[in-house]
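Report on the structure given below.
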């Protein structure tokens, strides 16, 4: 073998080794973003702070639609300036009683069009728990069918739908999540898996990641710890609660997860703290403890 061919051969081995490392490690497939919820609707400040802290993606709430719904190009420009990908829009609650189905489909499709025009990627819905009775099989079926129809419509305009199971919703306990996913079309409805909501709802998030791997299209990296006051729990920065965040990330990597992992903190819990300070603390945990890059 000539020296030239030998160098080419060794270079090709290096490329293969690097590719093998990426596939086994999985971190290159997981993009870490941050949720604007901590800023309480002050979305421009959230965009500035999240970009300044170093995250490359953002999840916005329906307040962004209220501000930029008629001018999505303005939001697109702000995000581009900050180097942020518009990973997910929280579209709000999805009511699934038959009387409101048409109105609900129109509302959330309008949000999906906004996401598309603002350069966003996914639309998230949380269900609205029925009043007057505990959710049961009929509710799971109606919710699954309505989300399937909504997901078909949003996917048709280029914005996939993800379902966010959530405390105080139909999809709070693991058994209900199973039933809702079984009643929905996997081609139309992905799962936004929230590791802390799943833990607080009574489940094992590490095991659930393995079970739901093919349905998970977005992730919330979140932590929770118990408190004496109602409701008995509090969302906290990563590493301060009882969720096995490291185990969840390892499970996501092992499952070959490809997509956005959004760090979420509902509100600042420490006196004298700020949304940006919490974002910095979460960044340090993500990079130093989880070994992920922003």
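Each value in this text was obtained by applying a stated rule to the coordinates, not by laboratory testing. Predicted model, so just to flag it, every value in this text is computed and none were measured. Cβ placement follows ideal geometry from the backbone for every residue including glycine, while neighbour counts extend to all protein chains displayed.
Largest GNM mean-square fluctuation among 152, 129, 71, using the chain with Cα springs under 10 Å: 71. Distance from the Cα centroid of the stretch 124-202 to that of the stretch 221-270 is 20 Å (rounded to whole angstrom).
A simple spin-label model places pseudo-atoms 7 Å from Cα toward Cβ; at residue 274 and residue 45 they are separated by 0.9 nm.
Short-range pairs are left out: with C-alpha atoms under 8 Å and at least six residues apart, the relative contact order of the chain is 20 percent. Going by neighbour counts of Cβ atoms within 10 Å, the residues 292, 143 line up, fewest first, as 292, 143.
Taking 147, 30, 167 as the candidate residues, the one with maximal mean-square fluctuation in a Gaussian network model of the chain, Cα springs under 10 Å, is 167. Given 10 Å bins starting at zero, what is the percent of C-alpha pairs of the chain in each, up to the one with the largest pair distance? Reading the bins upward from 0: 6, 27, 34, 22, 6, 3, 1, 0, 0. Result for the chain in a Gaussian network model with C-alpha springs under 10 Å: among 122, 200, 80, the largest mean-square fluctuation is at 80. Let's test the formula: R0 of 45 Å, r as the Cβ-Cβ distance of residue 102 and residue 175. What FRET efficiency results, to the nearest 0.05? After rounding, the FRET efficiency stands at 0.90. Rounded to whole Å, the principal axis extents of the Cα atoms in the stretch 22-104 read 48, 33, 23, largest first. Residue separation of residue 244 and residue 145 scaled by 0.36 nm, minus their Cα-Cα distance, works out to 32.4 nm of gained length. Its residue count N fixes a reference of 2.2 N^0.38 Å for the stretch 92-152, and the Cα radius of gyration divided by that reference is 1.19.
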